[in-house]
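The values are calculated or read from the model by the stated rules, or taken from the named source; none is laboratory data. Values in this document were obtained by computation on a predicted structure and should not be read as measured data. Cβ atoms come from the backbone with ideal geometry, glycine included; neighbour counts cover every protein chain shown.
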Amino acid sequence: MNKTPRNIVLIGTGIMCATLGILLRKLIPSANISFYERLDKVSAESSDAWNNAGTGHSAFCELNYTSYDDGKVDISKALEIANSFEISKQLWAYLKEQGCISFDIPFINDIPHMSFVWGDDNVDFLKKRYLAMRCAPIFQDMIYSTDRNQIKDWVPLIMEGRVLDTPFAATKMDIGTDVNFGMLARGMIAYLEKCENVAVHLGHNVTDFTKQADGRWKIDIKDLATEEEKEVIADTVFIGAGGGTLPLLEKSEIEEAQGYGGFPVSGHFLRCTNENVVKRHNAKVYGKAAVGSPPMSVPHLDTRMIEGQQSLFFGPYAGFSTKFLKNGSYMDLPLSIEMHNIWPILAAGMRNVDLTKYLIKQVVQSSEDRFKELLVYYPNAKIDDWELTTAGQRVQIIKEDKDQGGVLQFGTEIVCAADKSLAALLGASPGASTSVSIMLEVIHKMFPDEIKSKKWRQTLQTMIPSYGASLLENCELCLATRERTTAILNLAGTQK
Ligand SMILES: Cc1cc2nc3c(=O)[nH]c(=O)nc-3n(C[C@H](O)[C@H](O)[C@H](O)COP(=O)(O)OP(=O)(O)OC[C@H]3O[C@@H](n4cnc5c(N)ncnc54)[C@H](O)[C@@H]3O)c2cc1C
């Protein structure tokens, strides 16, 4: 007897839904997969290249992924993130190898990842971090230097004009990358659109959910071009609406959504308009975040490759806006406050006075203040060479906590209904780079039985050859996997 195909609805067309769409298409080829996106362009919110920093987060340069306590460096989070990025590259390599995605210009480029610090304590930390990391095969190519000429050779803009009255140090990984996540997501969705049983509805705003007696979801959707209200029935729903996820999750009224709130943080970058300066920098150079500032505020002087053009960015500068999406409404935050999350939000607010102070300082910054921050990294910068750009919104998770009332979290979290029919992704970091691991986790939560089957495991291993094995524990597998994806993705992969 023929079973009715499963109806899967994915809300959003950013890198998360695009990735989940690809994985589900391969795992359940008979399913009907429908994407609903409120904008009239695919992947135009946080995943778009101009709205994020494009760093292929591998923990090579981001100092906030290695904690430092009592003179000891903990690299466990860095290992986890580096591993996740290797998993992402495997899926992207598979899609490229199979011809599912093809671009005239690469969506992923080699850009060395560097950390640069100054002052005795920071230099001591970087040295210990380097010594701990280079023992792990995944970080074995890292180089450390305190040599002025060598660092100047790597990043002249950072060293020229610098007063060298305090010790400084840098690490470098040549296999760092810059990724155009928007381009990649658009490529994935263009491929899916050509597949049977997949539909992509742009300009469609999802407004409400109702759980029906038969266990399926009725989804209310507005066609923004015609103003027509539609109802769609789904067996499985994934809310991958970026900043727009929390309000939709609240509409689902699932018990698991209770106690969650969101805190939006907006971002700005300075973008260099002088081509001669842009050409003189070729690295993503991350420093240390100021004490009391949130992890996503780590300053970086950043080479980007967007649509074949090299650019230079500095930032981010955080800001506060009540919008949950760059193209959202100022009512997003007020409307998300309900009885179930008011106390966690207030409690988290009271416990994060430093963050509030930091954001206020950032919001009232003048362009001269912003420029002064740039001078710390690029001492000879000229103010006229830089313009301010607005990046995407991040909605940080506020979560009910038994002891503290409410806590603010900077990671991501999957909220899944007990009956596995609906799941949502909250939070923003480390984000797009780890999208494949995050979406695999969504699949583990939503399809706990099927994922154990031989068929699903084999399908996943076709796409992600290391699936089921640990790249961190198996040195040979780690290096062979990296070599393979480096070749397929046309990356250099060697120390220069
Ligand atoms: C300033 C900044 C810098 C960042 N830097 C990096 C970086 O260097 N490296 C990295 O890996 N990550 C980075 N990130 C994080 C990364 O951008 C995000 O984690 C990732 O893009 C999230 O993808 P997504 O698909 O969940 O969301 P999005 O790309 O935001 O997509 C969500 C989609 O859902 C749609 N939507 C929303 N509400 C509805 C609705 N009601 N109905 C229908 N559609 C809806 C939106 O229009 C949007 O298209 C950064 C983020 C920011 C903001």
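For ILE175, the conditions (1) within 11 Å of the ligand (Cβ to nearest atom); (2) aliphatic (A, V, I, L, M); (3) touching a Gly at 6+ places or on another chain (Cβ under 8 Å) all hold with the exception of (1). None of LYS211, LYS222, LYS194 is surrounded by fewer than 21 Cβ atoms within 10 Å (Cβ to Cβ), within 10 Å of the ligand (Cβ to nearest atom) and either of a type in the set (Lys, Arg) or under 29 Å from TYR358 (Cβ atoms) (or both) except LYS222. Let me confirm something: among ILE11, ILE15, which residue is within 6 Å of the ligand (Cβ to nearest atom) and in contact with a Cys (Cβ under 8 Å, 6 or more places away or on another chain)? Going through ILE11, ILE15 in turn, the sole match is ILE11. A search for C-beta distances below 6 Å between a residue of the range 432-452 that is closer than 24 Å to GLN393 by Cα and hydroxyl-bearing (Ser, Thr, Tyr) and any residue that is in a helix (DSSP H, G or I) and more than 11 Å from the ligand (Cβ to nearest atom), counting only pairs 6+ apart in sequence or on different chains, returns SER437/ILE87.
In the range 12-36, the residues that are touching a residue at least 40 places away in the same chain (Cβ under 8 Å) form Cβ pairs under 7 Å with partners that are buried (at least 24 other Cβ atoms within 10 Å of the Cβ) and aromatic (Phe, Trp, Tyr), at six or more places apart or across chains, as follows: THR13/PHE35; ILE15/PHE181; CYS17/PHE35; CYS17/PHE238; LEU20/PHE238; GLY21/PHE35.
Checking LYS72 against (1) among the basic types (Lys, Arg); (2) more than 20 Å from GLN461 (Cβ to Cβ); (3) within 13 Å of the ligand (Cβ to nearest atom), only one condition comes out false. Which one? All conditions are met except number (3).
Count of the range 266-290 residues, restricted to those that are hydroxyl-bearing (Ser, Thr, Tyr), in contact with a Ser or Thr (Cβ under 9 Å, 6 or more places away or on another chain) and modelled with pLDDT of 95 or more, is 1. Has the range 18-27 got at least one residue that is of a type in the set (Ser, Thr, Tyr), in contact with a Lys or Arg (Cβ under 8 Å, 6 or more places away or on another chain) and at pLDDT 95 or above? No; the residues of the range 18-27 include none that is of a type in the set (Ser, Thr, Tyr), in contact with a Lys or Arg (Cβ under 8 Å, 6 or more places away or on another chain) and at pLDDT 95 or above. The C-beta contact set for the range 344-361 (first residue without any contact (Cβ under 8 Å) to a residue 40 or more places away in the chain, second residue of a type in the set (D, E, K, R), distance under 9 angstrom, 6+ apart or interchain) comprises LYS361/ASP369. Scanning the range 426-453 for residues that are within 11 Å of the ligand (Cβ to nearest atom), among the small types (Gly, Ala, Ser) and outside any strand (DSSP E or B) yields ALA428, SER429, GLY431, ALA432, SER433, SER435.
Residues being assigned to a strand (DSSP E or B) and in contact (Cβ under 8 Å) with a residue 40 or more places away in the chain are represented in the range 375-386 by at least one member. Pull up the range 456-492, narrow it to residues that are in contact with a strand residue (DSSP E or B) (Cβ under 8 Å, 6 or more places away or on another chain) and crowded, with 17+ Cβ neighbours inside 10 Å, then point me to the one that is nearest to ILE138 (Cα to Cα). My answer is LEU491. From the list SER453, SER437, which residue is surrounded by fewer than 22 Cβ atoms within 10 Å (Cβ to Cβ), at pLDDT 90 or above and touching a Ser or Thr at 6+ places or on another chain (Cβ under 6 Å)? Criteria check complete, one pass: SER437.
Being under 14 Å from the mean Cα position of the chain (by Cα) and assigned to a loop (DSSP other than H, G, I, E, B) is the filter here, so list the residues in the range 10-43 that pass it. Listed by number, the residues that qualify are GLY14, SER43. Set side by side, the residues SER297, SER293 differ, and just one is surrounded by fewer than 21 Cβ atoms within 10 Å (Cβ to Cβ), under 22 Å from TRP118 (Cβ atoms), under 18 Å from the mean Cα position of the chain (by Cα) and modelled with pLDDT under 95, which is SER297. Just the residues that are assigned to a loop (DSSP other than H, G, I, E, B) and either buried (at least 24 other Cβ atoms within 10 Å of the Cβ) or without any contact (Cβ under 8 Å) to a residue 60 or more places away in the chain (or both), please, taken from the range 63-87. Within the range 63-87, ASP70, GLY71 meet the criteria.
As a summary of the residue check, ASP40 satisfies the conditions (1) surrounded by fewer than 20 Cβ atoms within 10 Å (Cβ to Cβ); (2) away from the ligand (no atom under 15 Å from the Cβ); (3) within 28 Å of GLY308 (Cα to Cα); (4) not basic (Lys, Arg) except for the one numbered (2). Applying a threshold of 8 Å to beta carbon distances and a minimum spacing of six or more residues, or different chains, the list of pairs starting in the range 314-329 at a residue that is assigned to a loop (DSSP other than H, G, I, E, B) and ending at one that is surrounded by 21 or more Cβ atoms within 10 Å (Cβ to Cβ) and of a type in the set (Asp, Glu) reads THR322/ASP332; LYS323/ASP332; PHE324/ASP332; LEU325/GLU45; LEU325/ASP332; LYS326/GLU45; ASN327/GLU45. Quick check: is even one residue across the range 244-251 touching a helix residue (DSSP H, G or I) at 6+ places or on another chain (Cβ under 7 Å), in contact (Cβ under 8 Å) with a residue 60 or more places away in the chain, among the aliphatic types (A, V, I, L, M) and within 12 Å of the ligand (Cβ to nearest atom)? Scanning the range 244-251 turns up at least one residue that is touching a helix residue (DSSP H, G or I) at 6+ places or on another chain (Cβ under 7 Å), in contact (Cβ under 8 Å) with a residue 60 or more places away in the chain, among the aliphatic types (A, V, I, L, M) and within 12 Å of the ligand (Cβ to nearest atom). Being more than 14 Å from the ligand (Cβ to nearest atom), surrounded by fewer than 22 Cβ atoms within 10 Å (Cβ to Cβ) and either basic (Lys, Arg) or within 22 Å of GLU368 (Cα to Cα) (or both) is a property that ASN282 lacks. Given the condition farther than 22 Å from SER46 by Cα and buried (at least 17 other Cβ atoms within 10 Å of the Cβ), answer yes or no: does some residue in the range 327-344 qualify? Taking every residue of the range 327-344 in turn, at least one turns out to be farther than 22 Å from SER46 by Cα and buried (at least 17 other Cβ atoms within 10 Å of the Cβ).
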